[in-house]
Amino acid sequence: MRYGSAIAKTLRNRGHEVILTTRQHPDTLQVANFLNEKPIVIGKYNPKSLASRLKAGLQRQLSFCKLFGKNPPDFAVSHSSVDQIRVAFGLGIPVIATIDTVYAEAVNRLTLPLADYIVASKAIPEEVLKTYSVKGEIIGFNGVDEVAWIKDFTPTVEHAFKNPLIVVREVEEKAAYTAKKFSLMPIAKKLTRLGNVVYLSRYHRKEIKDLIVPKGFVDSASLAAQADLFVGVGGTITREAALQGTPAIIIDFYQKQHVNDYLMEKGFPIFKATPAEAYRLAETLIGKKWNVHSKLHELESPADTIEQIISRKFKG
């Protein structure tokens, strides 16, 4: 939702009309409210089983078709939404897809072959994208997706958590690309020896002994900026932290993390560790901050790249 809002803001500022949509999900709806966005809610995410995912996806496609069938937009833009892209392809709407998780094989197989334009960080080799039978134009940019909302970001929420503050983000265990079970909770509990640990769970916001589990919405970008350390498996908040100078430890779990490697090479504070190495590495990093302001402003925003694709059509 934060990415979609950033793209929508860029397009609106250039005079384009935008219809923003999202699935019914606690995280997306709360982020939308925080950003003062009023998206159209279409369908929901039901990861209970393969059958429940498929059924929810099909129902969502029907809703998209009903909404846009008689008055299709000029472009469909998404972070590789299976349901939106399938309907856009069926209605003949040009598709712009973004991607940063090349290991999300199921999603990529269903979306990238249908995309007219694939907007991806130049960190991701084109040959990797082409393994998904890409037919459209691959347009790279010198940055990562999170630049779209972090480049001009100023923390707006002062969190009441005491320092030293360590933020741990749980694995997205119900994602299609998470093939094996893995939890960061044991690492999070060990890290309490170094400071206060905020544990950002995915689906269950129950109290956990020794950990701080927020019950409501938390502005992750502001929290990452104010933290002394972040620990995760390499997702969005990892880059939100590193792009703001907060050291971020990636527990080596997912392969092909091109965008994280890219930021590491550019000097942003991202560090990899095995579960056994994480605590010792955390001891050396906690409390340090990197001045990455100039590095951040050298990076390109994918929102600008998307706007250029759209404007190019109307100009030419």
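Quick notes
- Whichever residue in region 116-145 is in a loop (DSSP other than H, G, I, E, B) and among the acidic types (Asp, Glu) and, among such residues, is surrounded by the most Cβ atoms within 10 Å (Cβ to Cβ): Asp145
- Among the candidates Leu54, Leu29, residue that is assigned to a helix (DSSP H, G or I), in the same structural domain as Val107 (by TED's automatic domain parsing), under 21 Å from the mean Cα position of the chain (by Cα) and aliphatic (A, V, I, L, M): Leu29
- Checked against (1) part of a helix (DSSP H, G or I); (2) farther than 23 Å from Ala303 by Cα; (3) of a type in the set (S, T, N, Q), Asn71 passes all but condition (1).
- Residue match in region 84-96 (condition: surrounded by fewer than 19 Cβ atoms within 10 Å (Cβ to Cβ), polar (S, T, N, Q) and either in contact with a strand residue (DSSP E or B) (Cβ under 7 Å, 6 or more places away or on another chain) or assigned to a helix (DSSP H, G or I) (or both)): no
- Taken over region 252-302, the criterion of being among the hydrophobic types (A, V, I, L, M, F, W, C), farther than 19 Å from Ala120 by Cα and touching a residue at least 60 places away in the same chain (Cβ under 8 Å) is satisfied by Phe253, Ala278, Ala282, Ile286.
- Check on Lys206, among the basic types (Lys, Arg), in a loop (DSSP other than H, G, I, E, B), outside the structural domain of Val128 (by TED's automatic domain parsing) and out of contact with any Ser or Thr (no Cβ under 6 Å at 6 or more places or on another chain): yes
- Within the set Leu29, Leu62, Leu20, the sole residue that is without any contact (Cβ under 8 Å) to a residue 40 or more places away in the chain, over 30 Å from Lys256 (Cβ atoms) and touching a strand residue (DSSP E or B) at 6+ places or on another chain (Cβ under 8 Å) turns out to be Leu29.
- Close contacts from region 182-199, counting a first residue that is surrounded by fewer than 16 Cβ atoms within 10 Å (Cβ to Cβ) and a second that is assigned to a helix (DSSP H, G or I), with Cβ to Cβ under 7 Å and a gap of 6+ residues or different chains, come to Lys190/Tyr279.
- Scanning region 246-272 for residues that are modelled with pLDDT of 90 or more and of a type in the set (Ser, Thr, Tyr), we see that the one that is farthest from the chain's Cα centre (by Cα) is Thr246.
- Among the numbered conditions (1) within 30 Å of Leu223 (Cα to Cα); (2) surrounded by fewer than 17 Cβ atoms within 10 Å (Cβ to Cβ), the only one that Ala106 does not meet is (1).
The values are calculated or read from the model by the stated rules, or taken from the named source; none is laboratory data. Fair warning: this is a prediction, and the values are worked out from it, not measured in the lab. Ideal geometry is used to build each Cβ from the backbone, glycine not excepted, and the neighbour counts take in all protein chains shown.
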